[in-house]
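The values are calculated or read from the model by the stated rules, or taken from the named source; none is laboratory data. Remember, it's a predicted structure, so these values are computed and weren't measured experimentally. In this analysis, Cβ positions are derived from the backbone assuming ideal geometry, glycine residues included, and neighbour counts consider all displayed protein chains. The accessibility values were calculated without ligands, DNA or RNA, using every heavy atom of the protein model including side chains. Shrake-Rupley method; radii C 1.70, N 1.55, O 1.52, S 1.80 Å.
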Amino acid sequence: FQELYELAVCLIKKGLAYVDHQTPEEIKEYREKQMNSPWRDRPIEESLKLFEDMRHGLVAEGKATLRMKQDMQNDNKNMADLIAYRIKFTPHPHAGDKWFIYPSYDYAHCLVDSLENITHSLCTLEFDIRRPSYYWLLVSLDQYQPYVWEYSRLNISNNVMSKRKLNKLVTEKWVDGWDDPRLLTLAGLRRRGVSSTAINSFIRGMGITRSDNSLIRLERLEYHIREELNKVAPRAMVVLHPLKVVINNLDYGTIIDLDAKKWPDAPGDDASAYYKVPFSRTVYIEQSDFRVKDSKDYYGLAPGKTVLLRYAFPIKCTEVIYGDNSDNIIEIRAEYDPSKATKPKGVLHWVAEPSPGVNPLKVEIRLFEKLFLSENPVELEDWLGDLNPRSKEVIKGAYAVPSLATAALGDKFQFERLGYFAVDSDSTAEELVFNRTVTLRDSYGKAGPK
């Protein structure tokens, strides 16, 4: 602040800045008419004295500003005597109440770049018209001039990237905070389970452009996330909407410990590449993996049909137990093939009771979809009205394999057939919460790595 203040004094002494008393409305009117302020040519000594009074809090807020004497007749409005300092009787978080005047962005941006020996000042294209003002001030004060480089801002489909719009979403509670996993803030991406490696890979693959109309599809980011998580996320099994299956030909109390692969290409002699899953008389499959009526293109379980429980045994549906009506299926009865002689086409993920009468590990699952329904909500006048009402689904009472009980904040997994998930900060000792980072397939049905 001291250096910036001294440079402002120097600018006044050079006759290139003046203390102005115009109101914001008058400044706007004079700029539109390309007219000089009545105080533009006031004596240098008078501006120096008034600026000193401003510094010591002797001038009321809004009664004076320090303006740069640039070019009011320039067609570029960013050369129309921009404001360098405003009076503000507000303590600074670091400097305390030492200052009653604060530099504007237009004044401080280029000077701080210069004072900090920035080599390249990188800005988005909307700052392109500010470049003349940026260099005008540095040249006027004989300061080192960084290289300014403007590029197009990153726009991703079905999202907003504007800080103003993001702030509105957060402050008006349309989302759950700056780290809401549906937002493309760094905090939101991190909480969702996206790594910096995936983000950097996405940026490198996209490159830099000066085209201001580019809209990057969200699926492109998701592709890089899948590529990264496929390498680092061990596999596990979770059932979102459990349907109880009782295996009649397995004795009550019998528990068979099976090996399940953490990685698709896990070698048979590497014990660390496997995790244990219990197989018992009561197992749970997804409700969507059972139908009363079978069809040729359906690979799930149906009456009289056999499917393979992944890493376990083939099971055949022998009976369906209904509740109050034919749409309410409460239990499936089945028999398993311990010899594994049957070779069904359908393979299902599942979770079993770890011991008789004990429910599997219960977890909360949060599924996220696109935050906005339209590809480019920014173009809409009522952009908030385009929010996807189904962008977040919370599933309580999902069942997980026992090995997930030790998962810690930030751990990432591929839940087989469901997608990639990460442990959320809302997790407690009593219940783990998992956020879905990305599905196994994009919205066009294209599969990612297995």
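For this structure, a couple of remarks:
- Expressed in Å, the radius of gyration and Dmax of the Cα atoms of the chain are 32.0, 101.
- Hydrodynamic radius (Kirkwood) for the stretch 341-387, which is based on Cα pairs only, to one decimal in Å: 16.0 Å
- Packing around the peptides 64-73, 50-59, 251-260, taken as the average count of other Cβ atoms within 10 Å per residue, puts them in this order, highest first: 64-73, 50-59, 251-260.
- The value for the stretch 239-323 of Rg(Cα) / (2.2 N^0.38 Å) is 1.24.
- Normalising the average separation of contacting C-alpha pairs (under 8 angstrom, six or more residues apart) by the number of residues puts the relative contact order of the chain at 12 percent.
- Three principal axis lengths of the stretch 1-63 [C-alpha, angstrom, descending]: 34, 25, 20
- Amide H contacts for residue 398 (H built 1.01 Å from N in the peptide plane; partners 5 or more residues away or on another chain; cut-off under 5 Å): 363, 365.
- Estimated [θ] at 222 nm from DSSP helical runs (n ≥ 4, -39500 (n - 2.57)) normalised by residues in the chain, nearest 500: -6500 deg cm²/dmol
- Close amide H pairs (under 5 Å, H built 1.01 Å from N) link residue 101 with 88, residues at least 5 positions away or on another chain.
- Distance between modelled label sites at residue 26 and residue 204, nm, 7 Å Cα→Cβ extension: 5.7 nm
- Förster radius 22 Å - calculated FRET efficiency between residue 49 and residue 88 (Cβ-Cβ, nearest 0.05): 0.65
- Carbon plus sulfur fraction of accessible area for the stretch 24-149, probe 1.4 Å, in percent: 54 percent
- The charge dipole of the stretch 107-237, taken about the Cα centre with unit charges on the Cβ atoms of Lys, Arg (+1) and Asp, Glu (-1), comes to about 580 debye, rounded to the nearest 20.
- Relative contact order for the stretch 124-249, counting Cα pairs under 8 Å that sit 6 or more residues apart, in percent: 24 percent
- Near the amide H of residue 154, within less than 5 Å, lie no amide hydrogens of residues on another chain or at least 5 residues away, with H placed in the peptide plane.
- Percent RCO, i.e. relative contact order, over the stretch 1-107, from Cα pairs under 8 Å lying at least 6 residues apart: 25 percent
- Residue-wise HN-Hα coupling along the stretch 341-357, computed from phi with Karplus coefficients 6.51, -1.76, 1.60 (Hz; x: Gly, Pro): 6, 6, 10, x, 7, x, 10, 10, 8, 6, 9, 10, 4, x, 7, x, x
- Solution diffusion estimate, µm²/s, Stokes-Einstein, the stretch 212-366, Kirkwood Rh from C-alpha pairs, 25 °C, viscosity 0.890 mPa s: 140 µm²/s
- Sorted into 5 angstrom bins from 0, the C-alpha pair distances of the stretch 4-156 split as 2, 9, 18, 20, 20, 16, 11, 4, 1, 0, 0 percent.
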